[in-house]
Amino acid sequence: MKKAILTIMALLMINVIYGQFTLGPRVGFSSSSIDFDPFTIGGETISSGNATTGFHAGIFSRITLGFLYIQPEALFTQSGGEIQLDDGVLNDIREIEFNKLDFPVMLGTRFLKVLRVQAGPTLSLLLDAKVAGLEEEIKSGYKDATIGYQAGVGLDLWNLVLDLKYEGNLSTFGDELFGFATDQTNNQWILSVGFKLF
């Protein structure tokens, strides 16, 4: 895992040192959900709920190689989703929050000078997992590191870099919730804006 992080950071630095490169900050919002098969504990059914809004902030770099470009990023990300707890009388909704470090590496191409399409892998390192309003620790039910993918479109306007991407998991994100074994994924739609410093 350390090798993967070092590789991504090296790509960021190589972009700065060589070639036609761009470097700058980026921030944005996401809509994410937690997906798993419903299960029952003590007469209470637990199932996936609605998507929740998260955010991310960090840096991006881009090196252009002919008609292709490589765009590594290093981001702090907050994502999550709602879960529903239904005992047949009351339907309680709780929000799960994840704090992560994300390292996507996009391969893309430009057309019409300002439009882009891109896709690539992303490495996620889980920092924290919690249920909003509860003290119960749930991080142990989730993997410390996961590999996923992102794909989407982008728009470059002056020094602004706009991106709309979908992120999915290539493996399960978690395998336990409230002590019950269940495979979980955390997928999200991501809207972000970056600013080219140079």
Environment charge at N187 (Cβ cut-off 10 Å; Lys +1, Arg +1, Asp -1, Glu -1)
-2
Run the helix sum for the chain: -39,500 (n - 2.57) per DSSP H stretch of 4+ residues, divided by residue count, reported at 222 nm to the nearest 500 deg cm²/dmol.
-2500 deg cm²/dmol
Identify all aspartates and glutamates with a Cα-Cα distance to K165 below 17 Å; exclude those on the same chain that are fewer than 8 residues away in sequence.
E73, D102, D156
In nm, the gap between the two label points placed 7 Å beyond Cα toward Cβ at E135 and E95 is 2.2
Which of D87, D102, D128 moves most in a GNM of the chain, Cα contacts under 10 Å?
D87
Relative contact order of the chain, defined on C-alpha pairs under 8 angstrom at six or more residues apart (%)
21
Cα-based helix-to-principal-axis angle, 2-17 vs the chain, degrees rounded to 10
30
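Every read-out reported here was derived from the displayed coordinates using simple, explicitly stated rules and does not represent laboratory data. These figures come from a predicted structure and were not determined experimentally. Cβ sites come from the backbone with ideal geometry, for glycine too, and all protein chains shown count toward neighbours.
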